[in-house]
Every structure is written in C-alpha cells, then in structure tokens.
Amino acid sequence: MNLKDLDDLETNGKKGDWCFLNDCMHIAVMYGEESISGTVVLPISENNDSAHWQWDGNKEAPTLSPSILVYPAEGFTDGWHGYLRNGLLIDA
C-alpha cells in the first residue's frame with residue numbers, strides 16, 4: 001500500500017507497504033516486520049538508467065525491475081529477495 005511518506009511508513013507501515021520519496025526519484029519498500037531493519041530505499045527511474053531500478057511510472061501500483069535483493073547483515077537484517085509488481089511485494 002502506498003503510504004504518505006517515510007515517517008508514515010516507519011510509524012504505520014507493514015510488510016508490503018511502500019512510499020515515494022524525493023519527487024518519485026526514490027521508493028521506500030518495507031520488506032520485513034521491523035520498520036528500520038526491514039525497509040529499503042531504492043533509486044528509481046522511468047528511463048533505462050542502469051544505476052536505478054526501472055519503474056513503470058505507475059504511482060498507484062508501481063512495478064520495479066529487476067528484483068530487489070537485500071543482503072543479510074548480522075544484527076541488522078535477515079535480508080530479503082523479491083519483487084514489487086503492481087504495488088504488491090512478492091517473495092522470490
């Protein structure tokens with residue numbers, strides 16, 4: 001679900017929620033149960049820019065490409081791998 005901003009995501013978010021940041025130049029995705037250790041912020045672009053996740057431009061139900069891979073970090077996150085497709089988080 002699209003939340004208002006990062007504060008809203010960290011306060012009220014749950015796994016699968018997301019919000020746009022910086023005039024849609026980044027998207028924050030909550031992939032875990034904990035807001036701080038289970039959220040990733042990704043640079044996005046509607047252009048084929050290899051330094052960004054490809055975004056389909058849909059603000060209501062975004063799709064990103066390629067998949068999202070969060071590496072595990074001991075004491076911080078177990079990591080996660082999956083997709084954001086049509087606004088829904090899908091485990092790989």
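General observations
- When the P(r) is computed for the chain, the part past 16 Å accounts for 49% of the Cα-Cα pairs.
- Using only side-chain charges placed at the Cβ, +1 for Lys and Arg and -1 for Asp and Glu, the dipole size of the stretch 9-70 relative to its Cα centre rounds to 100 debye.
- From its DSSP helices (H runs of at least four residues, each -39,500 (n - 2.57)), the chain gives a residue-normalised ellipticity at 222 nm of -2000 deg cm²/dmol.
- Positive dipole terminus of the chain, leading residue within VAL29, GLY16, GLY87 (C-beta point charges): GLY87
Laboratory data are not the source of any read-out in this text; all were calculated from the coordinates shown. Since the structure is predicted, the reported quantities are computational estimates derived from the model, not experimental observations. Because the Cβ atoms are built from the backbone with ideal geometry, glycine has one as well, and the counts that use them run over all protein chains shown.
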